[in-house]
Every structure is written in C-alpha cells, then in structure tokens.
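Each reported figure results from applying straightforward, stated rules to the coordinates on display, with no laboratory input. Here the structure is a predicted model, which is why all the values come from computation and not from measurement. Note that each Cβ is placed from the backbone with ideal geometry, even for glycine, and that neighbours are counted across all protein chains shown.
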C-alpha cells in the first residue's frame with residue numbers, strides 16, 4: 001500500500017512540475033495565419049492556436065470578427081516552456097514580425113481586428129512588455145511610435161478549425177504564397193538559432 005501511495009505521490013509531483021513548466025502568451029499582430037506560423041516554428045513553443053480576444057461578443061465567428069463589430073482582435077494563444085524560450089524571446093519575435101506602429105492595420109489588412117496587441121496574463125508579462133516597448137522606443141528601432149495595445153487578458157475564443165495551422169495546411173494558397181512565404185523566409189534567416 002505504501003509503495004502504491006509513493007508511486008501516486010511521485011506521479012502527482014511530476015504532473016505538477018510539468019504543468020508549471022508551461023506558460024501562455026496571447027498576441028495579436030495582424031492576420032493570425034501569419035502570426036501562428038512564426039511562433040509555431042520556435043523552439044520551446046508547444047502549441048499555437050489561432051483565435052479571438054479583446055472584444056465584447058461571446059463566441060464570435062470569423063465573419064463577425066471580419067466585420068469589426070465585435071471588438072475582438074485576431075490573436076494567437078501560445079503555450080510554451082519558459083525553460084526553453086523566455087517571454088522576452090516571444091516578444092522579440094512578435095515585434096520583429098509585424099508593424100507595431102500602424103494603428104488597426106497590417107499591410108493590406110485594415111480594421112481593429114488586425115490591431116497590434118499584447119494580452120498579458122500576469123503582472124510580470126505586463127512589466128516585461130512595457131520595458132521592451134520602452135527600450136524599442138529609446139533605441140528608435142521604428143521610425144514611428146509604437147501603438148501596440150497592452151491590456152489584461154480576459155477571454156480567448158478558438159477560431160474555426162480551418163484557421164488552425166493554416167499556413168502548414170495551405171502552403172500553395174495565394175495569400176500564403178504572396179504574403180506568408182516571403183515573411184517566413186526572412187524570419188527563418190533572422191531567427192535561425194531559435195527554431196525547432
């Protein structure tokens with residue numbers, strides 16, 4: 001009996017340690033098809049899900065999101081192992097792979113659903129995000145001021161199944177060929193040492 005109790009206790013401790021190894025980040029950087037592809041390629045990232053956050057409508061659909069009436073942003077929810085990739089590293093990729101200086105716009109995608117936003121899950125994520133934005137401003141990395149919204153995470157609604165792993169599942173789709181492929185090639189060169 002004691003042996004079984006010890007095994008159960010050891011298993012519970014192991015499960016707890018594994019759970020503690022995972023953290024979540026939620027970013028909006030324009031079209032989630034692009035954003036998901038970048039983060040999915042990073043070492044230490046265990047799962048990336050496309051979805052919607054920051055609006056007032058429960059269980060919104062993609063059609064509603066595209067109308068701009070729900071207030072949601074297209075986002076990715078990133079589950080990662082902080083032992084392998086730091087939140088700061090995720091922010092580095094986030095700010096390098098979209099334009100955080102254009103309000104409610106990324107390239108040809110226009111609307112509040114495409115806004116640049118960090119939904120922080122705890123005080124530490126907020127502090128780190130604020131410091132990174134301040135440092136990027138001090139170093140004048142961008143010609144224009146950063147307009148990225150930094151707001152507390154509330155809810156995440158997973159997008160429809162066909163949006164998940166979109167780039168991986170649709171590499172020859174015209175949008176993927178014209179927009180995502182060139183960005184991915186550049187991304188892989190810049191962040192080669194951080195890829196899976």
Whether any residue in segment 143-152 is surrounded by 12 or more Cβ atoms within 10 Å (Cβ to Cβ), within 14 Å of the chain's Cα centre (by Cα) and assigned to a loop (DSSP other than H, G, I, E, B) is what I want to check. yes
May I ask you to list the residues in segment 50-72 that are touching a residue at least 12 places away in the same chain (Cβ under 8 Å), surrounded by fewer than 20 Cβ atoms within 10 Å (Cβ to Cβ) and not in a loop (DSSP other than H, G, I, E, B)? 62, 66
Based on this model, can you work out whether residue 171 counts as in a loop (DSSP other than H, G, I, E, B), under 17 Å from residue 37 (Cβ atoms) and out of contact with any strand residue (DSSP E or B) (no Cβ under 7 Å at 6 or more places or on another chain)? yes
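Yes or no, residue by residue, for (1) out of contact with any strand residue (DSSP E or B) (no Cβ under 7 Å at 6 or more places or on another chain); (2) closer than 19 Å to residue 43 by Cα; (3) in contact (Cβ under 8 Å) with a residue 60 or more places away in the chain:
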| residue | (1), (2), (3) |
| --- | --- |
| 84 | yes, yes, no |
| 89 | yes, yes, yes |
| 93 | no, yes, yes |
| 159 | no, no, yes |
| 167 | yes, yes, yes |
| 178 | yes, no, no |
| 193 | yes, yes, no |
